[in-house]
1. Determine whether region A:88-100 contains at least one residue that is in contact with a strand residue (DSSP E or B) (Cβ under 6 Å, 6 or more places away or on another chain) and more than 25 Å from B:W35 (Cβ to Cβ).
2. Can you tell me which residue is nearest to the chain's Cα centre (by Cα) among those in region B:23-45 that are surrounded by 13 or more Cβ atoms within 10 Å (Cβ to Cβ) and more than 20 Å from A:L45 (Cβ to Cβ)?
3. B:L20 passes all but one of (1) within 14 Å of another protein chain (Cβ to nearest Cβ); (2) surrounded by 21 or more Cβ atoms within 10 Å (Cβ to Cβ); which number fails?
4. Only residues that are over 14 Å from the mean Cα position of the chain (by Cα), in a strand (DSSP E or B) and within 14 Å of chain A (Cβ to nearest Cβ): list them for region B:70-111, please.
5. Please work out which residue is nearest to A:L73 (Cα to Cα), limiting yourself to region A:23-60 and to residues that are under 11 Å from the mean Cα position of the chain (by Cα) and aromatic (F, W, Y).
6. Search region B:47-61 for residues being away from chain A (no Cβ under 13 Å) and not in a loop (DSSP other than H, G, I, E, B), and hand back the single one that is nearest to A:A97 (Cα to Cα).
Amino acid sequence: SAVISQKPSRDICQRGTSLTIQCQVDSQVTMMFWYRQQPGQSLTLIATANQGSEATYESGFVIDKFPISRPNLTFSTLTVSNLSPEDSSIYLCSVEAGGLLEQFFGPGTRLTVL
Amino acid sequence: DAKTTQPPSMDCAEGRAANLPCNHSTISGNEYVYWYRQIHSQGPQYIIHGLKNNETNEMASLIITEDRKSSTLILPHATLRDTAVYYCIVVRSGNTGKLIFGQGTTLQVKP
């Protein structure tokens, strides 16, 4: 299994600013994933982050808006840039750990943009 | 990846079995059926997965029809803590990291 922590757990930000979300895993993992969950909706994959390479973004998500860093095998950050109220969501990271075919999710970061 | 269809909501009495159906009629031979659940205000939690055979673990059983076009997740003795949104997801072999979440089934376990 894998234990994932995220910081911050929640934040309230002003329009036009940015928020960087941290994801820390208790073991080394190759692939990390970032998801968005808009209010009342299910999860949508934003991007896949592999250590040592550029993140791969899903359709509708771009690097300028959601830059991702993956400096090592246990850590990743997602920045949500130029915030607007439409960015108010829960952002979750997940990992596929230890050769298992299941994903482990962090507790999420709840972002509110005013 | 194949799409899935689930009922939007279901109720279950505490202590009874909860049977959650999922249709995945366009599933391919190299695609697995995964189930996750999301309890309110938490990240999704893996429950079980299968390819062709029925599977059972400490949380649930997964019954996959012979033609693989549908499946049922069974929680044998539902408790109030099983109240959650349950997602049935079809995932291609080798691509288990990319989960495409549908709207899922909201299971309400009632006392």
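Values in this text are rule-based calculations from the coordinates and carry no lab data. These numbers come from a predicted model, not from an experiment. Neighbour counts run over all protein chains shown; Cβ positions are idealised from the backbone, glycine included.
1. Yes, region A:88-100 contains at least one residue that is in contact with a strand residue (DSSP E or B) (Cβ under 6 Å, 6 or more places away or on another chain) and more than 25 Å from B:W35 (Cβ to Cβ).
2. Filtering region B:23-45 down to residues surrounded by 13 or more Cβ atoms within 10 Å (Cβ to Cβ) leaves B:23-24, B:27, B:31-39, B:42-45.
Still in the list and also more than 20 Å from A:L45 (Cβ to Cβ): B:23, B:39.
Values: B:N23: 10, B:I39: 14 Å.
Here the answer is B:N23.
3. (1)
4. Correct list: B:R92 only.
5. It comes out as A:F33.
6. My answer is B:T56.
Yes/no per residue for (1) within 15 Å of A:L43 (Cα to Cα); (2) touching a residue at least 60 places away in the same chain (Cβ under 8 Å):
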| position | (1), (2) |
| --- | --- |
| B:A60 | no, no |
| B:I64 | no, no |
| B:L73 | no, no |
| B:T79 | no, yes |
| B:C88 | yes, yes |
| B:N95 | no, yes |
| B:G104 | yes, yes |
